[in-house]
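Encoded as C-alpha cells, the structure appears first; notes follow it.
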Amino acid sequence: MPVYTLFIFDRKGTCLYYTDWGRSRPPTHNDPEQEQKLLYGLLFSMKMFMKQISPDDSGDFRYLRTSAFKLHFFGTLSGLRFALFTHPSAANQSEALEHLYAEVYVPYVAKNPLVEKGEVITNEAFVEAVDDYITSLPVFAE
Amino acid sequence: MSSKASLQRTGDSAFKRMDHVSSELFTLTYGSLVLQLIEDFEDYAEVNNQLERMGNNIGQRLIEEFLAKSRVSKCGDFAETCEVIALVGFRMFLGVTGTVSQSAKEPHVCHITLASNPLLDFVELPDEAKGVLQYSNILVGVLKGALEMVQMRVDVEVVHDPLVGDEATELKLTLLEIINDEPPPDDE
C-alpha cells in the first residue's frame, strides 16, 4: 500500500516541508503552492469545525478517508501540522507522525540553531531521516 | 484536569528521557555567560534585556522538545498550565520542581516558587548589582518564549530572589492574552 505524500505546516500555514514517494498524479493545477494552500485550508477548517462541534475543544481528527486516499493527521500544541497521504486501506499512521515529530523534527529542526523559525526545511540530514523513517514503516512495504 | 501526582509522574518520566549534564557544569557555564554579558555591556539593565532575549529564543525551541518528550495534553486553564510548568517543565530541564500558588481573585496570575534554583549555586552578587541585575532573567525569557508558542502571551517577573536575601526564587506569571489562530489568507 503506497505512501504518497507528506506535508508539514507551521502555525502560520507555511509549508515547512513537502515530499512525495512516487505519486501517480501531479499536484493540483500543477501548482504545488496551490495544493499546499488547499490542504492547509482544509486542516485549519477541520480544527475550527471540531472546536465548535465537540463537547470540549480538545479533539483533533486522526484521519480522513476517501475512496482514493487516506489523509493521516497529527497536530501539536505548538501549532505544527503533519499530514500524510496514503492508499485508502492503510492502517492509521497518527502515531507514526507523532514519532516523526518527536524523533525527527525535534532533534533535526527545533534543536538545530541553523534553522530559523518558520523557514522551509532544506536540511539534508532531516530529509534523509524522514525518508528513512517513512520507508521503514510497515505501511510502506505492504 | 490532571492531578498533581500524575503530573509529577509525567515530570519524572520526562526527566529520565532527557540527556543529562553535570549541574555544576551547567551552573558555571551560565555564570560565565552572565559575567561575559556584564563585561560586554557594562550595564546591568541591558544584561537583563539580553538574558531575556536569549531566553526567549531558547523558549521558542524548547517548547517543541517539551511537548515531544512530556506528551502533555492541552491544559484546561492557566492554573493548570502553571502546574505543568512547575512540575513537568522545570523537572525536565532543570531537574527541580516548583510550587504553584494562586489567589482565587486573580485567576490570570500565578506564582511559581522554586525552593532550589540550580542557576544560583555558588553565586554571590556584588553590592552594586543587588536589586539591579536580575540574575535568573533567562527564565523569564524562556517562559515567555515557550508560552507564546502555545498561544499564550504572558508577562513574567522574578519577584523573589535568594541573591538579594529572599528565601526562594519566586516567579510571577501574568496571562495577558490567549492568541487566536489566524485563518489562512483569502485566496483569490
Exercise. Take every Cα pair under 8 Å in the range B:86-188 that's 6+ residues apart, average their separations, divide by the length, and report that relative contact order as a whole percent.
Key: 25
Practice problem: Extending each Cα 7 Å along its Cβ direction at residue B:155 and residue B:174, get the distance between those two points in nm, one decimal. | Solution: 0.3
Self-check item: Nearest-20 debye value, the range B:4-178 charge dipole, Cβ charges on Lys, Arg, Asp, Glu
Solution: 1160
Exercise. Go ahead and run the numbers for FRET between residue B:4 and residue A:19, Cβ-Cβ distance against an R0 of 45 Å, rounding to 0.05.
Key: 0.60
Quiz item: Which of rounded, prolate, oblate describes chain A, given a ≥ b ≥ c as roots of the alpha-carbon gyration tensor eigenvalues and a/c under 1.5 marking rounded, otherwise prolate only if a/b is larger than b/c?
Solution: rounded
Quiz item: Roughly how big is chain A's charge dipole about its Cα centre, with Cβ charges of +1 (Lys, Arg) and -1 (Asp, Glu), in debye to the nearest 20?
Solution: 520
Practice problem: Let me have the 222 nm mean residue ellipticity of chain A computed from DSSP H runs of 4+ only, each contributing -39500 (n - 2.57), with the sum over all residues rounded to the nearest 500. | Solution: -9500 deg cm²/dmol
Self-check item: Inter-centroid distance (Cα atoms) of the range A:1-68 relative to the range B:140-175, Å
Solution: 37
Quiz item: Averaged over A:5-12, how many beta carbons belonging to a partner chain fall within 10 Å of each residue's beta carbon?
Solution: 1
Quiz item: How do A:104, B:142 line up, fewest other C-beta atoms within 10 Å first?
Solution: A:104, B:142
Practice problem: Translational diffusion coefficient, Stokes-Einstein: compute it for the range B:48-188 using the Kirkwood radius over C-alpha pairs as Rh, at 10 °C and 1.306 mPa s, and state it as an integer in µm² s⁻¹. | Solution: 100
Quiz item: Of B:45, B:62, B:113, which is farthest on the positive side of the dipole of the range B:4-178, counting Cα position, with +1 on Lys and Arg Cβ, -1 on Asp and Glu Cβ, and the Cα centre as origin?
Solution: B:62
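Work out the length of the dipole vector of the protein assembly as shown about its Cα centre, built from +1 on the beta-carbon of each Lys and Arg and -1 on the beta-carbon of each Asp and Glu, and round it to the nearest 20 debye.
Result for the protein assembly as shown is approximately 1520 debye, rounded to the nearest 20.
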Exercise. Quick one: compute the contact order of chain B, relative version, from alpha carbon pairs under 8 angstrom and 6+ residues apart, as a percent.
Key: 26
Quiz item: In percent, what relative contact order does the range A:22-142 have, based on Cα pairs under 8 Å that are 6 or more apart in sequence?
Solution: 13
Exercise. Would you kindly enumerate the cysteines in chain B that have no other Cys beta-carbon under 4.7 Å from their beta-carbon?
Key: B:75
Quiz item: Of B:105/B:144; A:12/B:105; A:47/B:172; A:117/B:130, which sit over 27 Å apart, Cα to Cα?
Solution: A:12/B:105; A:47/B:172; A:117/B:130
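No lab work stands behind these numbers, since they all come straight from the coordinates. As the structure is a prediction and not an experimental result, all values here were calculated from the model. A quick note on method: Cβ atoms are made from the backbone with ideal geometry, for glycine too, and the neighbour counts reach across all protein chains shown.
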